[in-house]
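> Here you go, one structure.
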Amino acid sequence: MRNRNLFIGIISGIIANFLGFLLARKMLTGESSVINLTNVVNQLHDDGLLNKLISLGAFLNLLIFFFFIKTNNDTKAAGVLISTIMIALLTIYLNN
């Protein structure tokens, strides 16, 4: 059961970060289409904005983390923390 809750936390953290990324992209660029997402990601990487948008997308992880803490789902909260660390490592990798 613990591994299942940890996996749910990791998946919810990744999904929240992706949704936060889409929300930040919508707010900053005004583009809401998901169809040409690969083209947009390549363009954002070339412009140097991809790391910033991924970092802004991680804000939703904070909300989900505190929700899991508040509802005493500590293992799920640990999964969200693991996914946030994975996202941080991804942004460090993309920055270099």
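> If only one of 30, 57 is touching a residue at least 12 places away in the same chain (Cβ under 8 Å) and of a type outside the set (A, V, I, L, M, F, W, C), which one is it?
57
> Tell me whether region 50-68 contains one or more residues that are closer than 30 Å to residue 4 by Cα, surrounded by fewer than 13 Cβ atoms within 10 Å (Cβ to Cβ) and of a type in the set (S, T, N, Q).
no
> Residue check: is residue 6 under 19 Å from residue 83 (Cα atoms) and either in contact with a Gly (Cβ under 7 Å, 6 or more places away or on another chain) or not in a helix (DSSP H, G or I) (or both)?
In short, yes.
> Could you tell me whether region 9-17 includes any residue that is in a helix (DSSP H, G or I) and either farther than 19 Å from residue 88 by Cβ or aromatic (Phe, Trp, Tyr) (or both)? Outline the logic, then answer.
Of all residues in region 9-17, those in a helix (DSSP H, G or I) come to 9-17.
Adding the requirement that they be either farther than 19 Å from residue 88 by Cβ or aromatic (Phe, Trp, Tyr) (or both) leaves none.
The answer is no; no qualifying residue exists.
> Just to be sure I understand, how many residues within region 23-37 are part of a helix (DSSP H, G or I) and either modelled with pLDDT under 80 or surrounded by 13 or more Cβ atoms within 10 Å (Cβ to Cβ) (or both)?
6
The values are calculated or read from the model by the stated rules, or taken from the named source; none is laboratory data. For clarity, every value in this text was computed on a predicted model and none was experimentally measured. Note: ideal-geometry Cβ built from the backbone for every residue, glycine included; neighbour counts use all protein chains shown.
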